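Accompanying notes for the structure given below.
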Amino acid sequence: MGVDIERFLAVLADEVVDYQVPVVDLIAVQTRDPFKVLVATILSARTKDEVTAKASQRLFARASTAADLAKLSEAVLQKLIFPVGFYKNKARYLAALPAKLAEFDSQVPQTMESLLTLPGVGRKTANLVLAQAFNIPAICVDTHVHRIMNIWGFVQTKTPLQTEMALRETLPEEYWIPVNSLLVAFGQGTCRPVGPHCDRCVLTKECAKIGVTPRKSGRKGVAQGVERLVSWNVNGLRAAFKKGFLESVKEMAPDVIGLQEIKAMVEQLPESLQNLTGYHGYFYSAERKGYSGVAVYSRKKAKAVIEGIGDRRFDSEGRVLTLEFDSYYFVNCYFPNSKNDLSRLDFKHDFNMLLQQFIEDLAGKKSVVVCGDFNVAHREIDLANPRQNVKNAGFTPEERGWMDDFTAAGWVDSFREKNTNPDNYSWWSYRSRARERNVGWRIDYFCVDKDSRKKIMNAGIYPEIYGSDHCPVMLDFLL
Ligand code: SF4
């Protein structure tokens, strides 16, 4: 049966009333000024709405017309619009814009052909300007419109341009202008690119969900005698708490969860984190306040706890916390970052070697599960842009070389044991909407000793769980 698009869009119109309004719509409504709509649209490409809003505000305070803009140098423009995505390119486009607009009497033109001659203006921008600035029927197809229309099966297309053309044929004209605002708000709030919230979506019964990977929640599929283990660099436990940490733990329902970068002393944590309901909490903070630190919550009480790896250089930074259970050791690690200038590369290597020795000693006694933020993407498949990062921290030959040696020594990367597909990441930069575009790195791991390879029942990543710049990773481990 075909999609009742008018009903779908009517349902969404009610649904998104309380959602955040896309920034360009907001500027269009507030200013009714085609110049500002054009500039804000250029700034908004590959940039979070909050960032675009602030950058637009700074820029418009200095240049609210093309004539004002002409007085600003490219360097000043860069400073004003930073940190929008591709700010250098955008500053160049803006610097060239007044001269180009002069060809149209310094007015924003009102046709697709003319708009496309402006610097930094592609079809998506031109459509948005036509729709929002001039109320001319135009369909702006961004990533959300393209994606969601395909998920619903209303179009079957490969590119946004194909989607635009298909929608021009099939979508009633009264929806051309509002469809972008509706689907951007809905795509940011519910039908997210990674891990859409089908569980709470108003369209869940009717949506075809074409190509959608359902969110992995609860303990479904965890067999008797298997424990669900989770690892998560929370990038500040107090911050993660404010972003729904408790709900996320509930959703994943782990038996044991190791956290890295808690950035807090236990006494600084709210009561509900000091005593997480249903879990025993173990904390190993760095001596320096607000830095590093690891913690583990476990449903079962640990038989023994080992803090650190016996070297003050690393132990003072709260990097390793080990819990001993009946049949295995759970080793939770926060590996050092080698830093942008690679000044901590040797420090990291020393840590790696000592940690490896530590877990090899443990593996002589019983199974070892070692998890955490390893701060290295092992192979090219483990990051979105390997070529651009060959000399960068986390992907240097030295760091990857250690990971080669580590796995060659028999330690098993559980995720790659179960999944050889690309595009699986656990960390995304906060900049340039990297997570939304899935431009990420897989630097969080669950590894097991070679004799425990057969105990890996399932291994995965929870990209749909937010609250940090890392997402949690998991392992179902046979006891
Ligand atoms: S049911 Fe899921 S895939 Fe379909 S629209 Fe809702 S969130 Fe998106």
Task: Looking only at the range 403-415, and only at residues there that are surrounded by 19 or more Cβ atoms within 10 Å (Cβ to Cβ) and part of a helix (DSSP H, G or I), the one that is farthest from the chain's Cα centre (by Cα) - done: 406
Task: Among the candidates 272, 231, residue that is of a type in the set (S, T, N, Q) and within 19 Å of residue 442 (Cα to Cα) - done: 231
Task: Failed criterion for residue 243 (all others in (1) more than 13 Å from the ligand (Cβ to nearest atom); (2) without any contact (Cβ under 8 Å) to a residue 24 or more places away in the chain; (3) within 30 Å of residue 332 (Cα to Cα) hold) - done: (2)
TODO: Take residue 8 and decide whether it is farther than 30 Å from residue 153 by Cα, crowded, with 18+ Cβ neighbours inside 10 Å and among the aromatic types (Phe, Trp, Tyr).
DONE: no
Open item on the list: If I ask for residues that are out of contact with any Ser or Thr (no Cβ under 9 Å at 6 or more places or on another chain) and either touching a residue at least 12 places away in the same chain (Cβ under 8 Å) or among the hydrophobic types (A, V, I, L, M, F, W, C) (or both), which ones from the range 304-332 would you list?
Closed with: 310, 311, 313, 314, 316, 320, 321, 322, 324, 326
Task: Filtered residues of the range 174-187 (kept if within 10 Å of the ligand (Cβ to nearest atom), touching a residue at least 60 places away in the same chain (Cβ under 8 Å) and either of a type in the set (Val, Ile, Thr) or in contact with a His (Cβ under 7 Å, 6 or more places away or on another chain) (or both)) - done: 183
Open item on the list: Among the residues that make up the range 82-89, is at least one of them among the hydrophobic types (A, V, I, L, M, F, W, C), more than 15 Å from residue 37 (Cα to Cα) and surrounded by fewer than 21 Cβ atoms within 10 Å (Cβ to Cβ)?
Closed with: yes
- [ ] Take the range 417-438 and flag every residue that is surrounded by fewer than 18 Cβ atoms within 10 Å (Cβ to Cβ) and either assigned by TED's automatic domain parsing to the domain that holds residue 86 or of a type outside the set (Ser, Thr, Tyr) (or both).
- [x] 417, 418, 419, 421, 422, 423, 431, 436, 437, 438
- [ ] Give, as residue ranges, the helices (runs of 4 or more DSSP H) completely inside the range 4-46 that count at least 2 residues that are among the charged types (D, E, K, R) and over 19 Å from residue 139 (Cα atoms).
- [x] 5-15
Open item on the list: I'm checking my understanding of the structure. Among residues of the range 321-348 that are of a type in the set (Phe, Trp, Tyr) and within 26 Å of the chain's Cα centre (by Cα), which one is farthest from residue 394 (Cα to Cα)?
Closed with: 334
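Restricting the range 270-312 to residues that are of a type in the set (Phe, Trp, Tyr) and in contact with a Phe, Trp or Tyr (Cβ under 6 Å, 6 or more places away or on another chain), which is nearest to residue 328 (Cα to Cα)?
297
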Task: Within the range 356-376, tally of residues that are in a strand (DSSP E or B), closer than 27 Å to residue 428 by Cα and of a type outside the set (Gly, Ala, Ser) - done: 4
- [ ] Might you check whether a residue that is assigned to a helix (DSSP H, G or I) and within 12 Å of the ligand (Cβ to nearest atom) occurs anywhere in the range 151-170?
- [x] yes
Open item on the list: So, in the range 350-371, how many residues would count as being within 16 Å of residue 334 (Cβ to Cβ) and either out of contact with any Gly (no Cβ under 6 Å at 6 or more places or on another chain) or acidic (Asp, Glu) (or both)?
Closed with: 10
Open item on the list: Looking for something within 16 Å of the ligand (Cβ to nearest atom), under 17 Å from residue 437 (Cα atoms), in contact with a helix residue (DSSP H, G or I) (Cβ under 8 Å, 6 or more places away or on another chain) and in a helix (DSSP H, G or I) - is there at least one such residue anywhere in the range 134-143?
Closed with: yes
Open item on the list: Take residue 207 and tell me if it is of a type in the set (A, V, I, L, M, F, W, C), crowded, with 21+ Cβ neighbours inside 10 Å, in a loop (DSSP other than H, G, I, E, B) and within 9 Å of the ligand (Cβ to nearest atom).
Closed with: no
- [ ] Considering only the range 48-70, state which residues are surrounded by fewer than 15 Cβ atoms within 10 Å (Cβ to Cβ) and assigned to a loop (DSSP other than H, G, I, E, B).
- [x] 65
Open item on the list: Is it the case, given these coordinates, that residue 157 is surrounded by fewer than 19 Cβ atoms within 10 Å (Cβ to Cβ), assigned by TED's automatic domain parsing to the domain that holds residue 185 and among the polar types (S, T, N, Q)?
Closed with: yes
Task: Where a residue in the range 188-204 is at pLDDT 85 or above and part of a loop (DSSP other than H, G, I, E, B) and its partner, wherever it lies, is more than 9 Å from the ligand (Cβ to nearest atom) and among the charged types (D, E, K, R), with Cβ under 7 Å and at least six apart - done: 202/15
Task: Among the candidates 234, 194, residue that is surrounded by 14 or more Cβ atoms within 10 Å (Cβ to Cβ) and more than 16 Å from the ligand (Cβ to nearest atom) - done: 234
Open item on the list: Need the failing condition index for residue 85 against (1) in contact with a helix residue (DSSP H, G or I) (Cβ under 7 Å, 6 or more places away or on another chain); (2) more than 21 Å from residue 179 (Cα to Cα); (3) not in a helix (DSSP H, G or I), just the number.
Closed with: (1)
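The values are calculated or read from the model by the stated rules, or taken from the named source; none is laboratory data. Because the structure is a prediction, the values reported are computed rather than measured. Positions of Cβ are generated from backbone atoms using ideal geometry, with glycine treated the same way; all protein chains shown enter the neighbour counts.
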